[in-house]
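Working notes, structure below.
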Amino acid sequence: MARPIRGIRNHNPGNIDRGRDRWQGMADDQSGDPRFVVFVAPEWGIRAIVRVLRSYRDKHGLRTVEGIISRWAPPNENPTQTYIDFVCDRLGIGQDVEIDIDEPKVLRTLIRAIIYKECGAGPLDGDWYPPEVLDEGIRRAG
């Protein structure tokens, strides 16, 4: 049997790198992955995506898909423009259009696009998680 997708296995569908920060919902045992945070449930990984997106907006002034994705998936390790184009297509906007991540539909679409790019197509019409899991992760972000 094939090993599950890394981001799904780690309950970290945004593939958030491990650093000095101790995330809420972070598993005590981080030995399962040398690079990415391992969470105890997907809702915590989704919460982390929201928190990172808010940090990009509030601390770094990133408000466009181009700005957000260029930081999320930098060109030194990703095909960043392809990622930007995919997210823009999902949102139905250009890469330099400001987005409001406080708008629920925008935030959900952005998160779903990031998860798709990080983990591939999931078994639920392309998604990995049902809407209630996504909504709970967003709710936990405050």
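Laid out as a table, the results:
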item: Gain in span if fully extended, residue 77 to residue 9, counting 0.36 nm per residue against the direct Cα distance; result: 22.4 nm
item: Förster-model FRET efficiency, 30 Å R0, residue 97 and residue 40, C-beta, rounded to 0.05; result: 0.25
item: Among 61, 95, 110 the positive-end extreme of the charge dipole of the range 48-141 (Cβ point charges); result: 61
item: Nearest-20 debye value, the chain charge dipole, Cβ charges on Lys, Arg, Asp, Glu; result: 380 debye
item: Under 5 Å, built H, 5+ apart or other chain: amide partners of residue 36; result: 18
item: Least to most buried among 47, 108, 22 (fewest other Cβ within 10 Å first); result: 22, 108, 47
item: Sites residue 54 and residue 17, calculated FRET efficiency, Cβ-Cβ separation with R0 22 Å, nearest 0.05; result: 0.80
item: The range 6-133: relative contact order in percent, alpha carbon pairs under 8 Å with at least 6 residues between; result: 23 percent
item: Cα shape, the range 35-142, gyration tensor, a/c 1.5 rule; result: rounded
item: Directionally averaged projected area (convex hull, Cα atoms, the range 1-67), nm²; result: 5.4 nm²
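Every number in this text was worked out from the coordinates using simple rules, so none of it is lab data. Owing to the predicted nature of the structure, the values given are computational and were not obtained by experimental measurement. Here the Cβ is made from the backbone with ideal geometry for all residues, glycine too, and neighbour counts use every protein chain on show.
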